Amino acid sequence: MMFRAVTRGSFVDLLFHLLIPLMLLLIAGVNRRKALMLAPVAIIPDLDVLLVAHRVYLHTIFIPTAAVIICLLLYELKRRGLLKFILPTQEMFLATTYYCSHILLDLFTGVVAIFWPITSLGYGLNVGIIVNQHSVIPTIQPYLAVRVKQIPVPNLVTNVAAVTPGSIMTAILLLVIMLLTWYKKGH
């Protein structure tokens, strides 16, 4: 397995992914301490570089979607009185915002496999302004183009099922144990 060295450019990218959403959240009036505490969530999608497929495995939109669904489920259970612990709803929202901001910012700098594992097609956005100076009065024309490109996804492990009935049951059992533990702590 080959790891990409941390270069000056990749360090600047990490700062970019941390600072842009942090500044926007602070401008929006989010608690400074919470915003700073959760800022590292913004760089989690780049950990897929360690899996030799940058902008694929952790840049999918399904991860934050699953997080939002779980948060909504927990919120509904709490609202109905079935859970007795305090839900950090603002923190969950901020973490999801940081994660999604990373994916959104990457769309402008290249292609991202946002629908992986359904497809390994990468999508990106080209945004700009064209200034036409062929007439007496220059005209400004904004443009938006969607880029689509096949992203090679390395298959490091072959002939192994990604999800098996046993792994699903293990995940459900772990989730039930966690919920029961949190519920018991609330009483």
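Between Val112 and Tyr123, Gly124, the built amide H atoms are under 5 Å apart, and every one of these is 5 or more places off in sequence or on another chain.
Based on DSSP loop calls and a cut-off of at most 16 other Cβ atoms within 10 Å, the longest stretch of the chain free of exposed trypsin sites (Lys or Arg not before Pro) is what? Longest gap between qualifying sites, sites excluded: 85-187.
In a GNM of the chain with a 10 Å cut-off on Cα contacts, which of Leu18, Leu50, Leu144 has the highest mean-square fluctuation? Most flexible of the set in this elastic network: Leu144. Comparing mean-square fluctuations of Leu94, Leu36, Leu104 from a GNM of the chain with C-alpha springs under 10 Å, the top value falls on Leu36. Pick out which of Ala66, Ala42, Ala171 has the largest mean-square fluctuation in a Gaussian network model of the chain, springs linking Cα atoms closer than 10 Å. Of Ala66, Ala42, Ala171, the Gaussian network model singles out Ala171 as fluctuating most.
A short reminder: the numbers here are calculations on the coordinates, not readings from a lab. Being a predicted model, the structure only gives us computed values, none of them experimental. All Cβ positions, even for glycine, are placed from backbone atoms using ideal geometry, and neighbour counts span all protein chains on display.
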